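Just below is one structure, and these are the notes that go with it.
The values are calculated or read from the model by the stated rules, or taken from the named source; none is laboratory data. In this text, all values refer to a predicted model and were calculated from it rather than measured experimentally. A quick note on method: Cβ atoms are made from the backbone with ideal geometry, for glycine too, and the neighbour counts reach across all protein chains shown.
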Amino acid sequence: MNYRTQIIHAGRDRDPYTGASSIPIYQASTFAQADPERPGAYDYSRSGNPTREALEWAIAELEQGETGLAFASGMAATSSVMMLFQPGDHLVVTNDVYGGTYRALTSLFRQWKLEHTFVDMTDMDAVRDAIQPHTRALFVETPANPLLQISDLAGLAALAQERGLISIIDNTFMTPYLQRPIPFGFDVVIHSATKFLGGHSDVIAGLVVTRDRKLGKRVKAIQNTFGGILGPQDAWLTLRGMKTLAVRMDAQQAGATRIAEWLQQQSDIKHTYFPGSSDHPGAGLHAKQADGPGAVVSFELADKETTLNMLKRIKLSLVAVSLGGIESILSYPACMSHAAMPREERYQRGITDGLLRLSVGLEDPADIIDDMDQAIQAALSQG
Ligand SMILES: *Cc1c(COP(=O)(O)O)cnc(C)c1O
């Protein structure tokens, strides 16, 4: 089956009880039991709900894993995966990890004595050097946020296998339509389905897929114990969003490609970061392991003043956190996604006060370009 067809029919593509074309929202906390000694397929919605299950089966199939699990948010998904580990365990984590994941590791899970080392995962030697006797996992993001550096999926998965580590990837920026890490050897795939999978900036959701059923069972036990489940309404909305993933992604990344080309021609833009640009250092590797550049472009203006002035004049794109919606969203990492990171550390990672991240939506890219052009020109003439 072609992947675009799979997206439409993955998991349970109709209601088994009524034939309904969309899995109904099973808004129930509990399920009547015909025989108290033998619980049915569903007993209590924290442990299992047919609407949530439809989403869980769909994402498992699309990521080519065995088990899919849906959580109340991307962070609930990530935190639940981290609960696989114990005090004294150590994780090797990509430098440019999502800000919320950074906060979870450096505050909440530090309190629990889960240790971590941040490394530049584009450098395999650095990853090898960071592995210690008590290391249990690699936590990867590629493209990483917000500079969109690319690390080697096959190389990292092989290294994890060789050292007996669990390989975990946050695949939010790509979605399974563009990048499927499990066939490369990854054990766990995490999504903030709030972004491209949901796709309409109207739901917060998280997903986990495991390569094998055994690890899936462990994460499911955490899901059921910790209870960070996705409700049936939001599961339905996420599933509905996912149906149009392929057409949205195709159009949005075509728009992003055009906007990245325009940005590169602007003398007032110091730098443009886009995995689809031939001058991106990871472009070749990315093209080998993913089916497209994605729809996120980052770029750098001169300084904080110009950047803030530009953002005040933007009319079309939403100036906001988040990404992956049908509307273009312009984020300011220094004040938004990476606000939790100390300034010095942020600068070391290249996240300067002039850096902006654009998630390209479904508008005509010419209109986004016109709007950015007027905002940049006005900001510069004001400066
Ligand atoms: C947004 C995001 C998250 C967190 O997801 P929430 O749904 O906001 O909890 C994790 N990873 C990445 C890459 C994200 O963009």
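Here is a yes/no grid of residues against (1) touching a residue at least 40 places away in the same chain (Cβ under 8 Å); (2) in a strand (DSSP E or B); (3) within 13 Å of the chain's Cα centre (by Cα):
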position: I168; (1), (2), (3): yes, yes, yes
position: F173; (1), (2), (3): yes, no, yes
position: T194; (1), (2), (3): yes, no, yes
position: Q223; (1), (2), (3): yes, no, no
position: A235; (1), (2), (3): yes, no, no
Original post:
Regarding A375, is this residue hydrophobic (A, V, I, L, M, F, W, C), surrounded by fewer than 16 Cβ atoms within 10 Å (Cβ to Cβ) and either modelled with pLDDT of 95 or more or on the phi > 0 side of the Ramachandran plot (or both)?
Top reply: no
**OP:** Identify, from the list L330, L323, the residue that is out of contact with any helix residue (DSSP H, G or I) (no Cβ under 9 Å at 6 or more places or on another chain) and crowded, with 20+ Cβ neighbours inside 10 Å.
**Re:** L323
Original post:
Can you name the helices (runs of 4 or more DSSP H) wholly within region 258-369 that have at least 3 residues being within 20 Å of the chain's Cα centre (by Cα) and assigned by TED's automatic domain parsing to the domain that holds L156?
Top reply: none
Original post:
When you look at F173, is it closer than 21 Å to Y3 by Cα and surrounded by 24 or more Cβ atoms within 10 Å (Cβ to Cβ), yes or no?
Top reply: yes
Original post:
Would you pick out the residues in region 1-39 that are among the aliphatic types (A, V, I, L, M) and either modelled with pLDDT under 95 or part of a loop (DSSP other than H, G, I, E, B) (or both)?
Top reply: M1, A10, A20, I23, I25, A28, A32, A34
Original post:
Hey, does region 173-183 have a residue that's under 21 Å from A256 (Cβ atoms), touching a Phe, Trp or Tyr at 6+ places or on another chain (Cβ under 6 Å) and assigned by TED's automatic domain parsing to the domain that holds G48?
Top reply: yes
Original post:
Within region 228-256, restricting attention to residues that are surrounded by fewer than 19 Cβ atoms within 10 Å (Cβ to Cβ) and in contact with a helix residue (DSSP H, G or I) (Cβ under 9 Å, 6 or more places away or on another chain), which residue is farthest from I59 (Cα to Cα)?
Top reply: A254
Subject >> Options G199, G216, G241: the member that is outside any strand (DSSP E or B) and away from the ligand (no atom under 16 Å from the Cβ) >> reply: G216
